[in-house]
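The values are calculated or read from the model by the stated rules, or taken from the named source; none is laboratory data. Note that the structure is a prediction, hence the values are computed from the model and not measured. Glycine gets a Cβ as well: all are built from the backbone with ideal geometry, and neighbour counts include every protein chain shown. Ligands, DNA and RNA are stripped out before the accessible areas are found, and what is left, the full protein with its side chains, is counted by its heavy atoms. Shrake-Rupley method; radii C 1.70, N 1.55, O 1.52, S 1.80 Å.
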Amino acid sequence: MVQYNVTGMSCAACSARVEKAVSALGGVTSCSVSLLTNSMGVEGSATDAEIIAAVEAAGYGASRKGAAQSSVSADEAALEDKETPKLKKRLVSSLGFLLLLMYVSMGHCMWGWPMPAFFGGNPAAVALLELLLTVIVMVINQKFFISGFKALWNRAPNMDTLVALGSASGFVYSVVEFFKLLDVAAGGDAVAAAHYLHGFYFESSAMILTLITVGKMLESRSKGRTTDALKSLMKLSPQTATVERDGVEQSIPVSELRAGDIFVVRPGESIPVDGTVLSGHSAVDESVLTGESIPVDKSEGDGVSAATVNASGFLRCRATRVGEDTTLSQIIRMVSDAAATKAPIAKLADRVSGIFVPAVMSIAALSAAVWLLCGADFGYALGRGISVLVISCPCALGLATPVAIMVGNGVGAKNGILFKTAVSLEQCGKTEIVVLDKTGTITEGTPRITELLPLAPTTEGELLRCATALEKKSEHPLARAILRYAEEQGVESAEVTDFAALPGNGLEAELEGHKLMGGSGSFIAGRMELPAELKEAADGLSRQGKTPLFFARDNSLLGVIAVADTIKEDSPRAIAELRNMGIRVVMLTGDNERTAKAIGNQAGVDEVIAGVLPEGKEKAVRQLQKQGTVAMVGDGINDAPALKRADMGIAIGAGADVAIDAADVVLMKSSLADVPAAIRLSRATLRNIKENLFWAFFYNVIGIPLAAGAWVPLFGWTLSPMFGAAAMSLSSFCVVTNALRLNLFRLYDSSGDHKIRHKEKKIEEDIPMEKTMKIEGMMCMHCENRVKKALEAIDGVEEAVCSYKEGSAKLTLSHEVDDAVLKKAVEDQDYKVL
C-alpha cells in the first residue's frame with residue numbers, strides 16, 4: 001500500500017469524493033481515504049502522477065508520503081497538528097468582532113444598551129455597522145466560502161458548502177433588507193426604518209461562522225489526541241547514535257547509521273536501531289514495543305530493537321536494520337496503514353456521506369418553499385432553510401469509524417498488540433473458535449525436566465550425573481532438556497566411552513568401567529525387570545503428558561527422569577477467559593492422543609486435535625471453519641498456511657519480526673493473555689463505533705426536521721440558525737470525545753466479558769476407511785512424527801495418528817492402499833511393522 005497526504009478535505013463528503021475519483025483510475029485495485037489523518041492508501045499499478053492528478057481534478061491536493069523525508073519523520077510531520085493553532089487565531093479574531101456585533105444587534109436594538117452619540121436615533125448607521133462587522137467576520141472565516149463554493153463548482157458539495165450557503169444566504173437577505181432600510185430612512189421615517197433592524201440576519205451569519213469554527217477547533221484538538229499513541233511511538237526513536245569509526249567513538253545522527261556499523265549504548269540510553277550484541281551484558285527495557293514491564297537480559301549474540309532502553313550495563317552492537325526497516329518503524333507503519341484502511345462497518349456511513357450534502361441542500365430549499373407556500377414571510381422561511389443547512393453534520397458520520405479505529409489501534413500498539421488493518425480490528429472480536437498451536441503457544445516450546453525419581457539407594461544427584469553423561473553425546477531433543485537442567489544445577493558431565501544409539505531409540509555407553517543404559521520403558525524392560533512401583537509411577541507420568549526416561553547402570557535400575565514441554569504460567573487463565581467470552585478453544589498438536597489430552601486437560605481447552613503435523617494444521621482449520629469463525633494462534637513461521645487459511649490469523653511472540661505476512665494480528669509478546677486482550681479490544685472498539693454511528697445518525701434524524709420546522713404545527717418548536725450552528729459545532733466533538741474514551745479501556749480486565757451467541761453449524765462428513773498398524777521401535781513423539789510424515793506422504797493416506805506408547809498407527813484412507821506400500825514406508829524409517 002502506497003500512502004499519500006491529502007489536503008483540502010473538510011468532511012466525509014470530501015473523503016468520499018477523493019476516494020471515488022482515485023478508485024475510477026485504471027490500475028487502482030483499492031483506495032481508502034482517512035479524513036482523520038488526511039491521508040490516502042492506494043494499492044495497484046497506477047503511477048503517483050496519475051493518482052495526484054485525479055485528486056487535484058476532484059478539487060483537492062495530494063503528495064506522496066515520505067517523498068523527501070525518512071519514514072518516521074514524514075509520518076510525524078503528517079500527524080503534526082497544524083490546524084488547531086490556525087483555528088484558534090481565527091476563533092479569537094471572530095469572537096472579538098462577533099461580541100461587538102451582538103452588542104449592537106441585540107444589546108442596543110433589543111434591550112436599549114447605550115451606543116455612541118453618533119449612532120443615536122440613526123438606524124442606517126447602526127445597520128451599516130452591523131454589515132461591516134459581519135463582513136469582517138466573513139473575511140476572517142473566508143476558508144469556508146473558498147472551500148465550499150469551490151466544491152460546489154466541482155459538483156462535489158461538502159460541509160463547507162452547507163456553512164457557506166447558510167451564512168451567505170442570511171447575509172444576502174440582510175443586505176437586501178439594509179437597502180430597503182436606507183430607502184425608508186431617506187424618506188425621513190426613522191421609526192419604520194428602525195423596524196428593519198429586527199429582521200436582519202447579520203448576527204446569525206457571523207454567529208454561524210464563529211460557532212462552526214469553535215466546533216472545528218474542538219474537533220481538531222480531539223482528533224490530534226486520537227493519534228497521541230502513534231505520535232508517542234514516533235518520538236521514541238533517538239536522534240543520535242554513538243558509533244565506532246576507526247576505533248574512535250563519535251556521535252552521529254541516526255539517519256546516517258548504516259547496516260553493519262558498530263554502535264555502543266551506555267546505561268540509560270535508548271538503542272538507536274535494531275542490532276545484534278557483540279559484547280557486553282545488560283537488562284533492556286522493551287516495554288515501549290511489547291508493553292512488558294520486566295527488562296529482558298541481553299548478552300553476546302542477542303538481538304536488540306530500536307527505541308528500547310539500556311537499563312544497566314554497557315552494550316556494543318552491530319546494526320542490522322536501520323531506517324524504515326527497524327522494528328519501531330514497522331510498528332509505526334503498521335498502525336498508520338491500519339488507520340488508512342476502512343472497516344466494513346463504515347460502508348453504510350460512506351454511502352450516506354456521498355449523497356448527504358446534496359440531500360440536505362434539497363431539504364433546505366424544500367423547507368423554505370413549503371413555509372412560503374404556507375403563508376410565512378420570506379425572512380421566516382429563509383431562517384428555516386438556513387437552520388437546516390447549518391445543523392446538518394456530515395463530519396460526525398465521516399469521523400464515527402476512523403477515530404475509534406485510530407484510538408483502538410493506538411491502545412493495542414502500546415500493549416504490544418498490532419492490528420494490520422481496520423478489518424482485522426473489527427473482525428477479531430467476532431471470533432467464535434480459537435485454535436491454539438500447542439508448542440510455543442500453550443507450552444514453553446522447549447522440553448524441561450519435571451521430576452527425578454531415583455530408585456533407592458541411588459540419590460537424585462547420582463541419577464542426574466549418570467543421565468547427563470549418557471545423554472551428552474545424544475542429539476535427541478529430550479537429551480538437551482537433561483543437559484540444560486544439569487547445567488542449571490551445576491552438575492558437570494563426565495566423558496563416556498563406547499557410546500552407541502541402539503534400535504528402539506535406546507542409549508548405551510561406558511563410564512568409569514560401568515555400563516550405562518537409558519531409554520524408554522519398553523527399551524529398558526527388554527533388558528531387565530522393572531519394579532512395579534516405578535512402572536506404575538511412569539504410567540502416571542505418561543497420563544500427565546510427560547515422557548518418562550529410564551536409566552540403569554550395570555543392569556541395575558537407577559531411576560526415572562520425567563521430561564515434558566511445560567505449560568506457560570498464564571495459559572490456563574487465558575484459555576479460561578476465552579471460554580468465558582463464549583469462544584470455543586481448540587488445541588492442535590502433533591503429540592499422540594493420550595499425551596495431547598493430558599496437556600489439554602491441564603490447559604482447560606474444549607477440544608484437542610492430536611497427531612497433526614505442521615502441514616496438516618491448515619486442513620484442521622479448514623474443517624473447523626465449517627463450525628464458525630476461526631482465529632488461528634501460532635508463531636507465524638511453520639504455522640503460516642494455517643494462519644492464512646483462518647478467518648483471523650494471530651501471530652504470537654513476534655518480537656522483532658512484526659511484519660509477518662500471514663498474520664492479521666501480531667502479538668509482540670509470547671503471552672497467551674494477549675489473545676483474549678486483543679479480542680476484548682476489538683469488541684470495545686466495535687461497540688464504540690456503533691455508539692458513534694448511532695449518535696451521528698440520531699443527531700441528523702432529529703436535528704434536520706427540528707430545523708426545518710416540522711414540529712412547529714404540533715408543539716410550536718422552532719430552531720434559530722444560531723442554535724443550529726451551535727448544535728453542529730458540538731456533534732463532531734461529541735463523536736471524537738466518545739472515541740477517546742477507548743484510551744481508558746483496560747485490555748486485561750476480564751470482569752466485563754460476556755459470551756457471544758452463535759449458531760452451531762451442522763457438519764456432514766463422508767465415512768472414511770481406516771487401518772491400524774502395529775509398529776515396534778517408536779520411543780517418543782519425535783519417532784511418532786517420523787512415522788506419521790512417512791505414512792501421510794503416501795497417496796490415499798489422509799491422516800496417520802501414531803502412538804509410541806501403544807506401538808500403533810491408526811490410518812484414515814481416502815481409498816484402498818496396499819499393505820506392502822504402508823509397511824515399506826515405515827520400515828524405510830528403521831522401524832519394524834508387526
Which pairs do you get when a residue that is under 14 Å from Met778 (Cα atoms) and without any contact (Cβ under 8 Å) to a residue 60 or more places away in the chain, found in the range 797-817, comes within reach of a residue that is buried (at least 22 other Cβ atoms within 10 Å of the Cβ) and of a type in the set (Asp, Glu), reach meaning Cβ atoms under 9 angstrom, with the pair 6+ apart or on two chains?
Ala809/Glu784
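Does Ala820 qualify as being among the aliphatic types (A, V, I, L, M), out of contact with any Lys or Arg (no Cβ under 9 Å at 6 or more places or on another chain) and open to solvent by 70 Å² or more (accessible area, probe 1.4 Å)?
Values: among the aliphatic types (A, V, I, L, M): yes; out of contact with any Lys or Arg (no Cβ under 9 Å at 6 or more places or on another chain): yes; open to solvent by 70 Å² or more (accessible area, probe 1.4 Å): no.
So Ala820 does not fit the description; no.
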Step by step: first the residues of the range 697-732, then only those that are open to solvent by 30 Å² or more (accessible area, probe 1.4 Å) and hydroxyl-bearing (Ser, Thr, Tyr), then the one that is farthest from Gly385 (Cα to Cα). Which residue is that?
Thr718
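Residues are listed down the side, and each one gets a yes or a no for (1) touching a residue at least 60 places away in the same chain (Cβ under 8 Å); (2) among the basic types (Lys, Arg); (3) at positive phi:
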position	(1), (2), (3)
Ala413	yes, no, no
Lys420	yes, yes, no
Gly429	yes, no, no
Glu432	yes, no, no
Thr446	yes, no, no
Ala456	no, no, no
Gly461	no, no, no
Single condition Gln142 does not satisfy, out of (1) of a type outside the set (A, V, I, L, M); (2) within 50 Å of the chain's Cα centre (by Cα); (3) modelled with pLDDT under 80; (4) surrounded by fewer than 16 Cβ atoms within 10 Å (Cβ to Cβ):
(3)
Within the range 505-561, residues being at pLDDT 85 or above, within 26 Å of Glu495 (Cα to Cα) and part of a helix (DSSP H, G or I) number 0
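Considering only strands (runs of 3 or more DSSP E) fully contained in the range 243-307, which possess at least 3 residues that are open to solvent by less than 40 Å² (accessible area, probe 1.4 Å), modelled with pLDDT of 90 or more and of a type in the set (A, V, I, L, M, F, W, C)? Show your work before the answer.
On the way: elements: 248-253, 262-265, 274-280, 282-285, 296-298.
By residue number, 262-265.
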Residues being surrounded by fewer than 19 Cβ atoms within 10 Å (Cβ to Cβ) and more than 19 Å from Glu799 (Cβ to Cβ) - total across the range 630-646:
2
Unique match (being within 28 Å of Gly807 (Cα to Cα), in contact with a helix residue (DSSP H, G or I) (Cβ under 8 Å, 6 or more places away or on another chain) and open to solvent by 50 Å² or more (accessible area, probe 1.4 Å)) among Glu475, Glu451, Glu471
Glu451
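So which residues in the range 513-553 are within 15 Å of Cys466 (Cα to Cα) and within 47 Å of the chain's Cα centre (by Cα)?
First, the residues of the range 513-553 that are within 15 Å of Cys466 (Cα to Cα): 513-519, 549-553.
Leu549, the sole residue that qualifies.
Go through the range 109-136 and report how many residues are at pLDDT below 75 and surrounded by 17 or more Cβ atoms within 10 Å (Cβ to Cβ).
2
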If a residue has to be touching a residue at least 60 places away in the same chain (Cβ under 8 Å) and out of contact with any Cys (no Cβ under 8 Å at 6 or more places or on another chain) to count, how many in the range 569-614 make the cut?
28
Hey, among Val42, Val2, Val28, which residue is more than 26 Å from Ile212 (Cβ to Cβ) and touching a Cys at 6+ places or on another chain (Cβ under 7 Å)?
Val42
If you check Arg448, Arg480, which single one turns out to be over 19 Å from Leu534 (Cβ atoms), of a type outside the set (A, V, I, L, M) and outside any strand (DSSP E or B)?
Arg480
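If you go through the range 57-73 one residue at a time, how many are open to solvent by 70 Å² or more (accessible area, probe 1.4 Å), within 23 Å of Ala16 (Cβ to Cβ) and either of a type in the set (A, V, I, L, M) or modelled with pLDDT of 90 or more (or both)?
Total satisfying the criteria: 1.
Only one of Ala486, Ala537, Ala532, Ala564 is open to solvent by 60 Å² or more (accessible area, probe 1.4 Å) and hydrophobic (A, V, I, L, M, F, W, C); which?
Values: Ala486 fails: open to solvent by 60 Å² or more (accessible area, probe 1.4 Å); Ala537 fails: open to solvent by 60 Å² or more (accessible area, probe 1.4 Å); Ala564 fails: open to solvent by 60 Å² or more (accessible area, probe 1.4 Å).
Answer to the check: Ala532.
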Which residues, taken from the range 361-381, are part of a helix (DSSP H, G or I), at pLDDT 85 or above and of a type outside the set (Ser, Thr, Tyr)?
Met361, Ile363, Ala364, Ala365, Leu366, Ala368, Ala369, Val370, Trp371, Leu372, Leu373, Ala381
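Okay, residues lined up against (1) of a type in the set (Gly, Ala, Ser); (2) surrounded by fewer than 24 Cβ atoms within 10 Å (Cβ to Cβ); (3) part of a helix (DSSP H, G or I); (4) out of contact with any helix residue (DSSP H, G or I) (no Cβ under 6 Å at 6 or more places or on another chain):
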{"position": "Ala400", "(1), (2), (3), (4)": "yes, no, yes, no"}
{"position": "Ile405", "(1), (2), (3), (4)": "no, no, yes, no"}
{"position": "Gly429", "(1), (2), (3), (4)": "yes, yes, yes, no"}
{"position": "Glu444", "(1), (2), (3), (4)": "no, yes, no, yes"}
Check on Thr29, under 26 Å from the mean Cα position of the chain (by Cα), surrounded by fewer than 24 Cβ atoms within 10 Å (Cβ to Cβ) and in a loop (DSSP other than H, G, I, E, B):
no
Any idea which of Leu91, Leu100 is closer than 20 Å to Met138 by Cβ, open to solvent by 50 Å² or more (accessible area, probe 1.4 Å) and modelled with pLDDT of 85 or more?
Leu100
Qualifying positions in the range 597-653 - more than 30 Å from Thr421 (Cα to Cα) and among the β-branched types (Val, Ile, Thr):
Ile599, Val608, Ile609, Val612
Lone qualifier among Glu76, Glu50, Glu43, Glu19 - being assigned to a helix (DSSP H, G or I), open to solvent by 50 Å² or more (accessible area, probe 1.4 Å), modelled with pLDDT of 80 or more and of a type in the set (D, E, K, R)
Glu50
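Looking only at the range 794-804, decide whether some residue is among the hydrophobic types (A, V, I, L, M, F, W, C) and either under 19 Å from Leu478 (Cβ atoms) or part of a loop (DSSP other than H, G, I, E, B) (or both).
Just the residues of the range 794-804 that are among the hydrophobic types (A, V, I, L, M, F, W, C), to begin with: 794, 797, 800-802.
Subsequent filtering for residues that are either under 19 Å from Leu478 (Cβ atoms) or part of a loop (DSSP other than H, G, I, E, B) (or both) retains 794, 802.
The answer is yes; a qualifying residue exists.
Scan the range 81-88 and give yes if some residue there is closer than 30 Å to Gly59 by Cα, modelled with pLDDT under 80 and either among the hydrophobic types (A, V, I, L, M, F, W, C) or not in a helix (DSSP H, G or I) (or both), otherwise no. Lay out the reasoning, then the answer.
Step one: filter the range 81-88 for residues closer than 30 Å to Gly59 by Cα, giving 81-88.
Those left that are additionally modelled with pLDDT under 80: 81-84.
Filter once more, so that each one left must be either among the hydrophobic types (A, V, I, L, M, F, W, C) or not in a helix (DSSP H, G or I) (or both): 81-82.
So far as the range 81-88 goes, yes, one or more of its residues are closer than 30 Å to Gly59 by Cα, modelled with pLDDT under 80 and either among the hydrophobic types (A, V, I, L, M, F, W, C) or not in a helix (DSSP H, G or I) (or both).
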Take the residues of the range 733-748 that are open to solvent by 50 Å² or more (accessible area, probe 1.4 Å) and either part of a loop (DSSP other than H, G, I, E, B) or of a type outside the set (Ser, Thr, Tyr) (or both): which is farthest from Ile575 (Cα to Cα)?
Phe733
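Across the range 151-174, what is the total count of residues that are open to solvent by 30 Å² or more (accessible area, probe 1.4 Å), within 20 Å of Val126 (Cβ to Cβ) and either under 48 Å from the mean Cα position of the chain (by Cα) or of a type in the set (A, V, I, L, M, F, W, C) (or both)? Steps first, answer last, please.
To start, the set of residues in the range 151-174 that are open to solvent by 30 Å² or more (accessible area, probe 1.4 Å) comprises 152-155, 165, 169, 171-173.
Those left that are additionally within 20 Å of Val126 (Cβ to Cβ): 171-173.
Cutting the leftovers down to either under 48 Å from the mean Cα position of the chain (by Cα) or of a type in the set (A, V, I, L, M, F, W, C) (or both) gives us 171-172.
Number satisfying all stated conditions: 2.
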Pairs, first modelled with pLDDT under 85 in the range 730-744, second basic (Lys, Arg) and open to solvent by 30 Å² or more (accessible area, probe 1.4 Å), C-beta under 7 Å, six or more apart:
Val736/Lys223
